[in-house]
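First the structure, in the form of structure tokens, and then the observations on it.
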Amino acid sequence: MTSTTSAPNTTAERLRAEHGPALTLGDDCDLPDDLFIEIDHGAHLTIGDRVSIRRGSTIQVHRGATVAIGHDVAIGEHTFLSSMAGIRIGDGAALSNMCDLHDHNHRTRTAANVPTGQLRPWASGFEAAPIVIEPGAILSNKVTVTAGVRIGANALVGANAVVSHSIAPDTVAAGVPAAVRRTFDGAPGAREDRRTLTVGFFGTSIMEHLEAVNAQMTNQADLPEVGSKVTVEAWAQRGWVHRLALSLRAAWPHVAFDVRNHGEGGATSRDIAGIVEGDRATTGTDYDLAFLGCGINDVWRRFQNRVSEAVDLDEYTRHINAMLTQLGGYTRTIIVVSETPFGPVEDPGTVTEMNLELARYNDAARAAAAAHGALFLDVWSPFTTAARHLAPTETEGESPGGLWSDGVHLTELGDTVLLQQAEKLLAEHRIVNKLLDYPLLERDAALAAYGPMFARHRPAAAGA
């Protein structure tokens with residue numbers, strides 16, 4: 001490492017002389033004489049214009065990493081920044097005294113990480129993930145920020161907090177671990193590019209849920225006259241998946257959700273396995289969150305006497321395990337969704353037999369999810385409970401509103417039951433909140449994965 005040991009004239013001149021092209025230093029900065037900077041080979045430090053750093057502070061930029069400090073940033077006394085992947089501090093952000101930002105941790109001393117058992121603190125290696133402090137955020141005294149955390153624009157973090165999960169913009173957070181105490185109407189100004197979460201859905205028509213579309217039918221200011229005719233202009237995906245996507249965007253407006261619905265009407269597990277494989281082969285998409293549900297058509301085809309298309313339980317089990325293995329290689333969180341029961345698609349005796357068979361497929365899906373570390377969303381029980389209460393009675397004569405449109409496909413009410421269960425699972429496990437943290441990766445893998453986030457903060461030759 002290089003270090004700050006000489007002082008030609010000013011602190012800025014000394015730092016430029018010591019670190020050369022590894023340091024990009026802006027104008028009109030207020031830097032203390034004892035500012036200690038270490039920049040390893042292949043690393044880069046950028047400090048913007050009008051940055052103020054107080055005495056006793058340290059900045060470490062390890063091999064290949066990047067630290068980028070924006071314009072008009074204030075950093076208090078005895079603050080410590082240490083990076084093995086990347087730290088980015090946005091324009092106008094403030095770090096008070098004795099803040100600590102480390103974007104890396106020691107890996108656990110497992111047999112795999114320390115095969116020879118050597119007793120050195122760094123023998124197990126390191127894991128790393130970026131830290132991003134967005135413009136205008138303020139960290140009070142003695143705040144610790146851990147690897148993989150993003151703190152949103154204008155956020156205020158209270159003194160002594162430990163920020164171990166990402167904080168949304170325009171919020172006040174405090175505590176150990178830091179939690180949001182309140183939100184406020186944030187000041188306008190520059191913000192970082194929004195974080196994007198990619199969400200995939202793989203399943204049957206229950207996920208696809210196509211509806212006919214005519215633009216005039218959705219325009220409240222120009223609805224067609226009652227009794228008039230309109231032309232079907234397209235098919236659009238609606239249903240619970242569409243409504244969940246809207247719910248996510250409403251709940252986390254500072255996050256971009258790239259929702260990809262690969263549901264296909266009539267698909268069996270055999271078909272969906274092909275869809276999963278084809279998606280990876282053609283798009284190479286990595287998913288933050290993926291929903292997988294299948295089985296209802298595997299069972300239904302046999303009762304329709306479409307025997308060649310039916311998928312027995314053993315084959316179904318192979319398919320769902322294969323899909324979970326494949327998705328697990330590039331998906332951070334997987335949720336396996338149980339199939340909804342059959343409604344009045346046949347005579348009651350046949351429907352009972354169909355549901356007994358379908359329940360076995362759901363049991364296999366639950367076991368596969370557990371084996372692959374995926375979550376399992378059981379919508380069967382909530383669905384049957386709702387259906388029982390909504391069933392017609394002798395006194396009512398008619399149902400107040402059913403869950404199925406034809407015994408298999410869902411009505412809006414059926415979609416709502418599914419939606420509520422999905423939202424409940426996401427909330428209980430804090431899935432979206434956790435996905436907003438950058439995943440910890442082995443040190444070299446982190447440099448490769450997160451390098452593009454910092455490319456614009458490095459001169460072209462710095463990455464060489």
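The values are calculated or read from the model by the stated rules, or taken from the named source; none is laboratory data. In this text the structure is predicted, and so the values were computed from the model without any measurement. Don't worry about glycine lacking a Cβ; one is built from the backbone with ideal geometry, like all the others, and counts go over all protein chains shown.
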Practice prompt. Look at Thr108 and say whether it is under 29 Å from the mean Cα position of the chain (by Cα) and among the hydroxyl-bearing types (Ser, Thr, Tyr).
Written response: yes
Fill in: Looking only at the range 193-209, and only at residues there that are in contact with a Gly (Cβ under 9 Å, 6 or more places away or on another chain) and in a loop (DSSP other than H, G, I, E, B), the one that is nearest to Asp406 (Cα to Cα)
His209
Response to the item:
Residue count, the range 210-226, condition among the charged types (D, E, K, R), surrounded by 12 or more Cβ atoms within 10 Å (Cβ to Cβ) and assigned to a loop (DSSP other than H, G, I, E, B), comes to 0
Discussion item. Against the condition more than 25 Å from Thr384 (Cβ to Cβ) and in contact with a Leu (Cβ under 9 Å, 6 or more places away or on another chain), how does Ala273 come out, does it pass?
Written reply: no
Worksheet, complete the sentence: Matching residues in the range 195-208 (of a type outside the set (Val, Ile, Thr), in contact with a Leu (Cβ under 8 Å, 6 or more places away or on another chain) and surrounded by fewer than 22 Cβ atoms within 10 Å (Cβ to Cβ)) number 2
Discussion item. Need pairs with beta-carbon distance below 6 Å; first residue outside any helix (DSSP H, G or I) and within the range 267-290, second modelled with pLDDT of 95 or more and of a type in the set (Phe, Trp, Tyr); sequence gap 6+ or separate chains.
Written reply: Asp286/Tyr330
Worksheet item: Can you find a residue in the range 207-216 that is of a type in the set (Asp, Glu) and not assigned by TED's automatic domain parsing to the domain that holds His409?
Response: no
Item to complete: Please state which of the following conditions Thr198 fails to meet, knowing it meets all the rest: (1) in the same structural domain as Arg456 (by TED's automatic domain parsing); (2) modelled with pLDDT of 95 or more.
Response: (1)
Item to complete: Within the range 303-320, track down each residue that is more than 32 Å from the chain's Cα centre (by Cα) and either over 15 Å from Arg360 (Cβ atoms) or assigned to a helix (DSSP H, G or I) (or both).
Response: Phe303, Gln304, Asn305, Arg306, Val307, Ser308, Glu309, Leu313, Asp314
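Could you grab me the full set of residues in the range 227-251 that are free of Cβ contacts under 8 Å to residues at least 12 places away in the same chain, of a type outside the set (A, V, I, L, M, F, W, C) and surrounded by fewer than 13 Cβ atoms within 10 Å (Cβ to Cβ)?
Answer for the range 227-251, where residues must be free of Cβ contacts under 8 Å to residues at least 12 places away in the same chain, of a type outside the set (A, V, I, L, M, F, W, C) and surrounded by fewer than 13 Cβ atoms within 10 Å (Cβ to Cβ): Gly227, Ser228, Lys229.
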Worksheet item: Can you tell me which of Thr393, Thr350 is farther than 19 Å from Asn297 by Cβ, of a type in the set (Val, Ile, Thr) and either at pLDDT 95 or above or over 28 Å from the mean Cα position of the chain (by Cα) (or both)?
Response: Thr393
Discussion item. From the list Gly48, Gly26, Gly70, exactly one residue is surrounded by fewer than 18 Cβ atoms within 10 Å (Cβ to Cβ), within 26 Å of Leu156 (Cβ to Cβ) and under 36 Å from the mean Cα position of the chain (by Cα). Which is it?
Written reply: Gly26
Fill in: Scan of the range 417-444 for residues that are in contact with a strand residue (DSSP E or B) (Cβ under 6 Å, 6 or more places away or on another chain) and of a type in the set (Lys, Arg), ordered by number
Arg443
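To keep it simple, each residue is scored yes or no on (1) within 21 Å of Val337 (Cβ to Cβ); (2) assigned to a loop (DSSP other than H, G, I, E, B); (3) among the hydrophobic types (A, V, I, L, M, F, W, C).
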position: Gly402; (1), (2), (3): yes, yes, no
position: Asp406; (1), (2), (3): yes, yes, no
position: Gln421; (1), (2), (3): yes, no, no
position: Leu426; (1), (2), (3): yes, no, yes
position: Asn433; (1), (2), (3): yes, no, no
position: Asp437; (1), (2), (3): no, yes, no
position: Gly451; (1), (2), (3): no, no, no
position: Ala455; (1), (2), (3): no, no, yes
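Residue by residue through the range 38-58, note down the ones that are assigned to a loop (DSSP other than H, G, I, E, B), of a type in the set (D, E, K, R) and within 18 Å of His78 (Cα to Cα).
Within the range 38-58, Arg54, Arg55 meet the criteria.
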Worksheet entry | Looking only at the range 343-396, and only at residues there that are of a type in the set (Asp, Glu) and in a loop (DSSP other than H, G, I, E, B), the one that is surrounded by the fewest Cβ atoms within 10 Å (Cβ to Cβ) | Glu394
Fill in: the range 321-342 - residue that is assigned to a helix (DSSP H, G or I) and among the aliphatic types (A, V, I, L, M) and, of those, nearest to the chain's Cα centre (by Cα)
Leu327
Worksheet entry | Scan of the range 279-338 for residues that are surrounded by fewer than 17 Cβ atoms within 10 Å (Cβ to Cβ) and of a type in the set (A, V, I, L, M), ordered by number | Ala281, Val307, Leu313, Ala322
Discussion item. I need the full set of residues from the range 80-102 which are surrounded by fewer than 23 Cβ atoms within 10 Å (Cβ to Cβ) and either on the phi > 0 side of the Ramachandran plot or not in a strand (DSSP E or B) (or both), in order please.
Written reply: Asp91, Gly92, Ser96, Asn97, Met98
Worksheet item: With respect to Ala386, is the statement that it is farther than 27 Å from Asp437 by Cα and over 29 Å from the mean Cα position of the chain (by Cα) true?
Response: yes
